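K.L.:
Okay, here's the structure, questions in a sec.
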Amino acid sequence: MANRLDGKVAVVTGAASGIGAATARVLVSEGARVVLGDINDGALDKLVVELGDSAVGLHADVSREEGVRSLVQAALDSFGRLDVLDNNAAIEIPEDTGSSTSSNEAWQRTFDVTVMAAVWGARHAIPAMLAGDGGGSIVHISSGAVRYATATKAAYAACKSALETFSLYIGAQHGADGIRSNVVRPGFVLTEGVREIFNEEQRQRFADMLALGRVCQPEDVAETVAFLASPAAGYVNCAVLDVDGGGAKPMISW
Ligand SMILES: NC(=O)c1ccc[n+]([C@@H]2O[C@H](COP(=O)([O-])OP(=O)(O)OC[C@H]3O[C@@H](n4cnc5c(N)ncnc54)[C@H](O)[C@@H]3O)[C@@H](O)[C@H]2O)c1
């Protein structure tokens, strides 16, 4: 049986770790060739070696237009086309302390990595996709933080909201060109970074509160990205898919 992404070429930003790395692995296992961008060169190099000829890695800072442009160019130079853009890179910085306290610099840095990266992605990826034969799929990784406020990270969550609206506009304005744009909105995901912060007991306590009884793995999100990237999602556009297992389980049974 053919793989879902045979012949497709994808750019994944923030691909060196966590959800981005899991996504790169799933996309390649489904037949895609990938251009992986990150600023963590060591981890990126390891992943590229693991994925072999199907992957190209590039030091690309998506908080600068040149970083995003270079990823699109690498897809064209290395594989001759671009079909999928996964806007995955993000930062959560300590200076993003709260709605009345986060510094201007924290807001600006977060905005650039989250929103401007997607703006530049659309600017450079859409013409490249249109030059190919089958349109394209753009996936934006948001966060459950847009719906459930936390004590800090106001800039992170507000920028993710802006990202979701931007995704809607891409899908609405370019759907007729064959470009679909969608949002994946994970809840709490057990990446390496999260494993370092929460111990086994805390993780189990959290899992017990969830409707599915287990914490989301990076691969759960990656599989959803692969679906949205694939022709199987050909009529899915301007959507927001929550990948949170249904959230919390009902606390009271009647
Ligand atoms: N882990 C979670 O619980 C969770 C929950 C909801 C949403 N998300 C979202 O999922 C996505 C991936 O998060 P993750 O948990 O895998 O994080 P992560 O920190 O493991 O990975 C993010 C990657 O982005 C890279 N990056 C940071 N700034 C960059 C820049 N300027 N240019 C290029 N790359 C840059 C980092 O080096 C890192 O490899 C993010 O958009 C995040 O907001 C994560």
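The values are calculated or read from the model by the stated rules, or taken from the named source; none is laboratory data. Just so we're clear, the structure is a prediction, and the values are computed from it rather than from any experiment. Neighbour counts are summed over all protein chains in view; Cβ atoms, including those assigned to glycine, are modelled from backbone coordinates with ideal geometry. Surface accessibility is based on the protein's heavy atoms, side chains included, excluding ligands, DNA and RNA. Shrake-Rupley method; radii C 1.70, N 1.55, O 1.52, S 1.80 Å.
K.L.:
Out of all the residues in region 108-132, which are over 15 Å from Thr13 (Cβ atoms), away from the ligand (no atom under 15 Å from the Cβ) and open to solvent by 20 Å² or more (accessible area, probe 1.4 Å)?
P.N.:
Pro127, Leu130, Ala131, Gly132
K.L.:
Separate question: Checking Thr13 against (1) under 20 Å from Trp120 (Cα atoms); (2) more than 8 Å from the ligand (Cβ to nearest atom); (3) crowded, with 24+ Cβ neighbours inside 10 Å: exactly one of these is not met. Which one?
P.N.:
The one condition Thr13 does not meet is (2).
K.L.:
Out of all the residues in region 133-151, which are touching a residue at least 40 places away in the same chain (Cβ under 8 Å), surrounded by fewer than 21 Cβ atoms within 10 Å (Cβ to Cβ) and within 14 Å of the ligand (Cβ to nearest atom)?
P.N.:
Result: Gly144, single match.
K.L.:
Follow-up question, since we're still on this one. For region 16-31, name all the residues that are part of a loop (DSSP other than H, G, I, E, B) and either under 21 Å from Arg69 (Cβ atoms) or within 10 Å of the ligand (Cβ to nearest atom) (or both). Steps first, please.
P.N.:
Of all residues in region 16-31, those part of a loop (DSSP other than H, G, I, E, B) come to 16-17, 30-31.
Passing the criteria: Ala16, Ser17.
K.L.:
Listed residues Leu5, Leu47; which is open to solvent by less than 20 Å² (accessible area, probe 1.4 Å), within 13 Å of the ligand (Cβ to nearest atom) and either out of contact with any Cys (no Cβ under 8 Å at 6 or more places or on another chain) or in a loop (DSSP other than H, G, I, E, B) (or both)?
P.N.:
When all the criteria are applied, what remains is Leu47.
K.L.:
Checking Ser78 against (1) more than 16 Å from the ligand (Cβ to nearest atom); (2) among the hydroxyl-bearing types (Ser, Thr, Tyr); (3) more than 22 Å from Leu44 (Cα to Cα), which test does it fail?
P.N.:
Ser78 satisfies all of (1) more than 16 Å from the ligand (Cβ to nearest atom); (2) among the hydroxyl-bearing types (Ser, Thr, Tyr); (3) more than 22 Å from Leu44 (Cα to Cα) except (3).
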